Every structure is written in structure tokens, then in C-alpha cells.
Number of protein chains: 2
Amino acid sequence: MRSEWFHNGEAVRSAALDDRGFQYGDGLFETIAVRHGEPRLWPYHLERLSAGCARLSLQPPDGDALRGALDHALQQASADPVFCVAKIILSGGVTRRGYGRDSFARASTFIGVFPSAPVSASSYRDGVQTILCDTRLAVASPTAGLKTLNRLEQVLARSECLSAAAFEGITQDAEGRVICGTMSNVFVVNDNRIVTPALDRCGVRGVMRRHAMETLCGAGREVEEADLSERELFAADEVFLTNSQFGVLPVHRCDDSEWPVGDVTRQVMAMLADSGIDECRL
Amino acid sequence: MRSEWFHNGEAVRSAALDDRGFQYGDGLFETIAVRHGEPRLWPYHLERLSAGCARLSLQPPDGDALRGALDHALQQASADPVFCVAKIILSGGVTRRGYGRDSFARASTFIGVFPSAPVSASSYRDGVQTILCDTRLAVASPTAGLKTLNRLEQVLARSECLSAAAFEGITQDAEGRVICGTMSNVFVVNDNRIVTPALDRCGVRGVMRRHAMETLCGAGREVEEADLSERELFAADEVFLTNSQFGVLPVHRCDDSEWPVGDVTRQVMAMLADSGIDECRL
């Protein structure tokens, strides 16, 4: 794995074993698409990180300082800043042993930079293969919507995708609601209505989900956040995914159900492309 | 923090940032009471670790090798092996980036040794102060019962205890069932019946909980595993906690409710003391 990590401006390869990130998954992260040297949707990543810090009672990051550290890491790293991935980890840092910590503890910041490549043009054109995962997400998580370092559910669900050689796995919560992909958010189109699952009980509020919703809203196209059943997913006219790295991708298949790449999905891709998510341009 | 860590027989202070334990909390741990050089309830710790590996599709540990590594760490560490704590972390190790990993991946093993001291005699005699935490546990976790590295709920709940200066916090699930303490299991006595919450939806199956249940069962004293409501907790005649380090402790108070240290709790403490959990002897 060609990863490069930075901590306090220095290249590092390791973190203290006593770091609360390692001990308890006590922390948050963001995975940011870097395009032409710029961290894409930076304000949304920073906002989600700050919301996570508030929820976890971690001191929120200084946006300018964090951006400076990110830019420094991108300059130092060998990955091509024209098209790469940056990952910011804010952990609870090193404290005395035990689950508890003081409120508004100072977070430790680690910045990783990784090479990356676009998803294939055929995936944008023809859609991707998905499965409905057996792994179900626990309901009513106190960190619903956030991107915390507690990602075991995604590890289990994503490992199912690897076994099935699927591009993505769609997960339900324990009560059968469709929630999101293991690394993406899900949208369905039904009778020209666009619906994306509500994420107040579990799941991650993706930055590209937000950007897509706001872009569509700005164009007078409403996206409903609602509970979505497995039946409604399979009965949908179109299904598409959003993710910070790939933007928007049509879903061609989930288990035995197939969909053509629909008009609404193509419209959304064109709108996102016009908004700067270049990969989505067909 | 006077921690000492060992990995592959060597003293270490850090782990690779790319380790899945740090990235995703992809792993398991055990916190073991070491008494007179012996890891107490070792077979139960090993069994839970192995069950966790099966659930996470990690290669299960070789019990003899792991015990050898633990004994080696205890010999190398400066903590007094007469009374200390050992922590074993099995993480998913370093893999390619992304949530998914191969089934039955080889786990990385880290062993920590920490000095420790008994809980005060007055806590055993008079009981401890607890609070009912505001943090609720998500329901129907795919890793219910296991001690995984995803411990954010416990971090949040335990931090409430620190703020309230309580010895322990009792947590409910999102649907209001009483589940466990942030670092202990809960038992209530009602009309001479001993009940402990069922842990099939969330919570951790503690090794001392198991040892207490088996010891009581061996003495012809049944312990019921059942759903337990907040009302039933507060209406209980006696409440006590179990934990691998302290054994059994009476609960004297939870929020505004108080209990005397009851006869059943004292009997359980005496039985556990006779079974080798010396701290419980009044």
C-alpha cells in the first residue's frame, strides 16, 4: 500500500499504540478527493468533521490550520495532486487508560495521501454491479450520520462485496430499511421522484450526497429524505450512488434486479459534472 | 500513562497508521486481570477472542502461542505481575486501503501491560455510586456481545461518568432496555431472583459475568438472562456489577436511588472469592 502519512507537519508511518483511535476507534475521519491540487468539497468535509467533534466532545479543528496542514501534506507527498485521495483522521489522542476522557479534549490529526485513479468510463456509462449485504447496521447509533473510526459494520459489509466481486454493497439497518452503500450513499428514482434514505438512525451523511442534494435543489429538483424499504429499492425505476471520490454512478444491478441507466440519473450526472464533479461527465 | 506494549515479542510503542485497528477499529481486545503472574480466567478470554475472530472473519489465535506471548510480555514488563492488567489487541493488521478485507485474514497481536491497584475496600463493603447514562447503545449490532475495537458508545458513556464523578455508568439501549455498565455487567436481585440483561442486541458479554453465572449455577443458584427495563432496575432489591478486574461490586446508588448492600450480593461475593476472585472477600 503506497500510503504516506503526516502528523504535525512531519512524515510518519505509525501512531502511538496508546492513541485512543487505535484503542477505541475514538475519532473521526474524512476521505477527500483531491483534484488539480484542490481538496474537493472542502467546506463540507470540514463541516462534517466539526459536527463530529461536537458530538464526540472533541475540540473542533481550526479550519485554516487544518487546511494548511492538508496543503502541506499534498505538497510533500509523492502522489499526483492532480488526482489523488487525502484522508484526515482526528483521533482522541493519547490519554490515561480507560474509555472516558475529558470533554473537548484536543484531537490528534493525521493526514494520509494516496494515489488514486478514476472509476472506469464504462461504470459511468453502463452502471455498476451491487449486492444487498447480509450485514445489517445497528439502529439508533449515537453517532448516526458521522464518519467515525468505528467502522466494523462497513468492514463486514464491504468484505461481502469483495467475496461477491461486486462494485458496492447496499446495506439495510437491522429493521430492514435501506440505508446506504458500504462506501457510498444511495438514491432511487420512482415515478420521477428522487428519494434518498434518511440517516438519522445509522449510516453516514456523505459529502457528495449533500452536494448532489443541494445541486438538485438549486435547480428546482427536490430530493426527499425518507425511509426506504427493500421492496421500494427493488421496485425503483432507477438507482444511483454518490461518493466523494467517484461523484455519481448508476447502479445497473443489485442481486438479481437490473436497471437501465435512466434519464434522471443521466441528468443528475450532467448537473454534478457542471458543478465541478468532472468524472460524472458522460 | 505507564503502558508497555509488545508485538512479535518486541517492546513497541506504536503501530502502523495503516493498521486496520487504527483505520476502522477492525479488531478485538481483552483486558485481563493478572494475579500472582497468572492471567485470570484465561480460558474465557481466549474463548471470547476466538468467537470474535469467527464473527469478524479473522484467523483465530493459536491459544498456546498467544498465552506464550502474554507470559513473555508479563516477564518483560516492569509492572508487578502480582497485581496488574494485561490487554491483548488483535487487529486486522495492515492491508490494502478500503473497508473490505479477505476472509480469515491473519490478525496482528499487540499485548499491553499496565500497573493496577485494587478497588478500595470500602467500595466492596459499602457499594459504589453509579449513574444512568444519557448515551444509549445502538440496537441489533452485528457484533453484539463481543469486545471489539469499536468502543465509541462506551467512550461517550464513560465520559459522562467522569463528569459526574461516578464509579460507573449504566447504559440502556436505544429502546430503553438496561444493558450493561460502561466497563462492567449489571445484575439485579428481585424477590431473591437474580437477573442479568440479555446481550443479544448490544453490550459486551464480560468474562466475569460468565464466571459469576457459572459459579452461581454450579451452586444451584439460577441466573436469568432477560430484558430488563429501567423501572425494573430501580425497583430492584439489590444491584451489583461484575468486571474482569474488580470481580463483583455492590451498587449503592444509581442517580437518586439507593440500595443497601444486600444478602444476595454478599453471598455472590463470597462465592466468587471462594472461586479465586480474591478481591471480593469482605
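A few remarks follow.
- Pairs with Cβ under 6 Å, 6+ apart, first in the range A:147-167 and within 7 Å of chain B (Cβ to nearest Cβ) and buried (at least 23 other Cβ atoms within 10 Å of the Cβ), second aromatic (Phe, Trp, Tyr) and part of a loop (DSSP other than H, G, I, E, B): A:Gln154/B:Tyr99; A:Val155/B:Tyr99; A:Arg158/B:Tyr99
- Pick from the range A:1-39, criterion in contact with a His (Cβ under 9 Å, 6 or more places away or on another chain) and touching a residue at least 60 places away in the same chain (Cβ under 8 Å), ranking: nearest to the other protein chains (Cβ to nearest Cβ): A:Ala15
- Residue list for the range A:209-242, filter: crowded, with 24+ Cβ neighbours inside 10 Å and under 14 Å from the mean Cα position of the chain (by Cα): A:Arg209, A:Ala212, A:Leu241, A:Thr242
- Some residue of the range A:116-123 being within 12 Å of chain B (Cβ to nearest Cβ) and in contact (Cβ under 8 Å) with a residue 12 or more places away in the chain: yes
- Condition met for A:Ser103 (closer than 30 Å to B:Glu168 by Cβ and of a type in the set (Ser, Thr, Tyr)): yes
- Flag if B:Tyr24 is within 19 Å of A:Ser3 (Cβ to Cβ) and touching a helix residue (DSSP H, G or I) at 6+ places or on another chain (Cβ under 6 Å): yes
- Of the candidates A:Ala117, A:Ala121, A:Ala140, the single residue that is modelled with pLDDT under 95 and of a type in the set (A, V, I, L, M, F, W, C) is A:Ala117.
- Among (1) outside any helix (DSSP H, G or I); (2) touching a Lys or Arg at 6+ places or on another chain (Cβ under 8 Å); (3) buried (at least 19 other Cβ atoms within 10 Å of the Cβ), the one test that B:Leu249 misses: (2)
- Evaluated against (1) more than 9 Å from chain A (Cβ to nearest Cβ); (2) of a type outside the set (Val, Ile, Thr); (3) closer than 26 Å to B:Gln23 by Cα, B:Cys202 falls short on exactly one condition, (1).
- Within the range B:105-132, tally of residues that are among the polar types (S, T, N, Q) and within 21 Å of B:Ala16 (Cβ to Cβ): 2
- Scanning the range A:1-34 for residues being modelled with pLDDT of 95 or more and among the basic types (Lys, Arg) gives a total of 2.
- The residues listed here are A:Gly63, A:Gly100, A:Gly93; of these, the one that is over 24 Å from A:Ser14 (Cβ atoms) and over 22 Å from the mean Cα position of the chain (by Cα) is A:Gly100.
- Subset tally (residues that are within 8 Å of chain A (Cβ to nearest Cβ) and charged (D, E, K, R)) for the range B:124-146: 1
- Residue, modelled with the lowest pLDDT, within the range B:99-111, restricted to residues that are more than 7 Å from every other protein chain (Cβ to nearest Cβ) and not in a loop (DSSP other than H, G, I, E, B): B:Ala105
The values are calculated or read from the model by the stated rules, or taken from the named source; none is laboratory data. The shown structure was predicted, so the numbers you read here are calculated from the model rather than taken from an experiment. Note that we place each Cβ from the backbone using ideal geometry, even for glycine, and neighbour counts take in every protein chain shown.
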